[in-house]
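The values are calculated or read from the model by the stated rules, or taken from the named source; none is laboratory data. Predicted model only: the values in this text are computed from it and were never measured. Heads up, the Cβs are rebuilt from the backbone with ideal geometry, glycines too, and the neighbour counts pull from every protein chain shown.
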Amino acid sequence: MRKTRAYAITAEAVAKERARTGGDVSQIDVTKIIGLDVLELPDVGHSDVRLKILAVSAEHNVDHAALADTVNITEARGGKIYPGNSAVGEVLEVGNQVTLFKVGDIVLTHCNGEPDKYGFPLRIWAYDQPDSIGWYSEEAVVGDWQLVPAPVNCGLSLWEMAALPLRAPTAYHLWRRGLGIYRLKVPREKKAVLNVLSFGGGVGELFLMLANFEGHKAFFCSGNPERRAAIEAIGGIGIDQQAFNRFKTKDDIKAFSKKAKELTGGEGMHIVCDMLRGPVFEAGLAVQAREGVNVSSGWQLSQNVTYNSTVQSVKQVTIDHMHYETLDGCWAATELYGKVFKPTIHKEIYSFDDLPRCFHEMHENTQTGIPIIRIAAELPAAVKSIT
Ligand SMILES: NC(=O)c1ccc[n+]([C@@H]2O[C@H](COP(=O)([O-])OP(=O)(O)OC[C@H]3O[C@@H](n4cnc5c(N)ncnc54)[C@H](OP(=O)(O)O)[C@@H]3O)[C@@H](O)[C@H]2O)c1
């Protein structure tokens, strides 16, 4: 049996940290919850691929797993999970029925854990999909259906590419849903250029890159100057979320609404991407144009939202929810790497040993872009030129 080093979260560690902090989520130290473990890899089956993991990005559902703030997923999964929703890897071995990949290929993983009959995920890989093992490990064995060829020559660095396998399909789906719903109400014949707003974060940034690429006006309301600068560099408009105290009071939302009106000639935002909910949801709704669409697939600040149904009906506003892309959508989103998706990554590339610190800094919201962890000390020749 082949063994690999892999990060794990245990229900025991979650409970211990909860007890230490008296349940105060703001005091929880993620470094005490995510730890190195040794994992036995299964044999490579007929349709499986064995991978050497090269680089991964940190994702927020690890924070949710560690805090157990939405559902105590580690407990629900029997006491231990191996997280890691996205990776760039090198193919080391393939099963005898694998035709799409060969040894030496560079590949991406997606996290659609089990598609429903229309392709949407019923569950997410390495989170709530039973028996799924994630990719914060040195090696992994996965079904070939879970891989997409990496566009090594797309112009992105290995680290930029590692930022995208989860976030780009999410942004791609949010955008095609938001735009599709808006176009059902207001066709292109009547309105060509839309005002598109997103709030902070890597997914929000990628969503705006799509809007900007297609000729719309992109507005990024982020508290982070580096992230705002990146959108401004491609022609978008940055709005400092800290100037509105991250929408702590009704007056902050009113001031934000006034600002949005000024910036859009009184029209408001046609499509809003809100990945955080909580006060961000209210702010997004307040600046929504008539016939507007609010799309989200995140709930970091709150799982529940309330809104005035009468007001939204009169404004013909649609509030939409999604989770993650279909398998086909993951492949399509990958075509846009480097062409549309040029992610802002955090200035430090973390080492494998520093992965817990990376999650601590993500929890503290001190990173200036999408956090990347280099897993492999030795990189294959195929990617050496893009590091
Ligand atoms: N369903 C899915 O498939 C899916 C996929 C990806 C992400 N998500 C969820 O979407 C959310 C964003 O993900 P991401 O990958 O874009 O995150 P990210 O790149 O790690 O960025 C996190 C962002 O959250 C913002 N933030 C943190 N605390 C905040 C607060 N108190 N008030 C307002 N903003 C705050 C920060 O915005 P500033 O720039 O303003 O500091 C930061 O840029 C996460 O909760 C994640 O779990 C869901």
Checklist entry - Quick one: which of Glu226, Glu214 is among the charged types (D, E, K, R) and at pLDDT 95 or above? => result Glu214
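Condition test on Val98, is it in contact with a Gly (Cβ under 7 Å, 6 or more places away or on another chain), surrounded by 14 or more Cβ atoms within 10 Å (Cβ to Cβ) and hydrophobic (A, V, I, L, M, F, W, C)?
Numbers: in contact with a Gly (Cβ under 7 Å, 6 or more places away or on another chain): no; surrounded by 14 or more Cβ atoms within 10 Å (Cβ to Cβ): yes; hydrophobic (A, V, I, L, M, F, W, C): yes.
Criteria not met by Val98.
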Item to check | strands (runs of 3 or more DSSP E) completely within region 191-247 that count 3 or more residues being buried (at least 23 other Cβ atoms within 10 Å of the Cβ) and in the same structural domain as Leu174 (by TED's automatic domain parsing) | outcome: 195-199, 217-222
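Being assigned by TED's automatic domain parsing to the domain that holds Val272, of a type outside the set (A, V, I, L, M) and either touching a residue at least 40 places away in the same chain (Cβ under 8 Å) or within 22 Å of Phe101 (Cα to Cα) (or both): is that true of Lys185 here?
Values: assigned by TED's automatic domain parsing to the domain that holds Val272: yes; of a type outside the set (A, V, I, L, M): yes; either touching a residue at least 40 places away in the same chain (Cβ under 8 Å) or within 22 Å of Phe101 (Cα to Cα) (or both): yes.
Yes.
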Checklist entry - So which residues in region 125-147 are within 16 Å of the ligand (Cβ to nearest atom) and either over 18 Å from the mean Cα position of the chain (by Cα) or crowded, with 20+ Cβ neighbours inside 10 Å (or both)? => result Trp125, Ala126, Tyr127, Ser132, Gly134, Trp135, Tyr136, Gln146
Checklist entry - Name the residues in region 289-332 that are more than 16 Å from the ligand (Cβ to nearest atom), polar (S, T, N, Q) and out of contact with any strand residue (DSSP E or B) (no Cβ under 6 Å at 6 or more places or on another chain), would you? => result Thr306, Asn308, Ser309, Thr310, Gln312, Ser313
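Just one of Gly284, Gly298, Gly238, Gly278 is in contact with a helix residue (DSSP H, G or I) (Cβ under 9 Å, 6 or more places away or on another chain) and touching a residue at least 60 places away in the same chain (Cβ under 8 Å); which is it? Write out each step before concluding.
Numbers: Gly284 fails: in contact with a helix residue (DSSP H, G or I) (Cβ under 9 Å, 6 or more places away or on another chain); Gly238 fails: touching a residue at least 60 places away in the same chain (Cβ under 8 Å); Gly278 fails: touching a residue at least 60 places away in the same chain (Cβ under 8 Å).
Unique residue meeting the criteria: Gly298.
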Item to check | Every residue from region 209-235 that is in contact with a Ser or Thr (Cβ under 9 Å, 6 or more places away or on another chain), in contact (Cβ under 8 Å) with a residue 60 or more places away in the chain and not acidic (Asp, Glu) | outcome: Ala211, Cys221, Asn224, Arg227, Ala230
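Could you tell me which residue of region 55-74 is nearest to Leu158 (Cα to Cα), considering only residues that are away from the ligand (no atom under 12 Å from the Cβ) and small (Gly, Ala, Ser)?
So, considering only residues that are away from the ligand (no atom under 12 Å from the Cβ) and small (Gly, Ala, Ser), the one nearest to Leu158 (Cα to Cα) is Ala55.
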Item to check | Odd one out for Phe256 among (1) within 21 Å of the chain's Cα centre (by Cα); (2) within 14 Å of the ligand (Cβ to nearest atom) | outcome: (1)
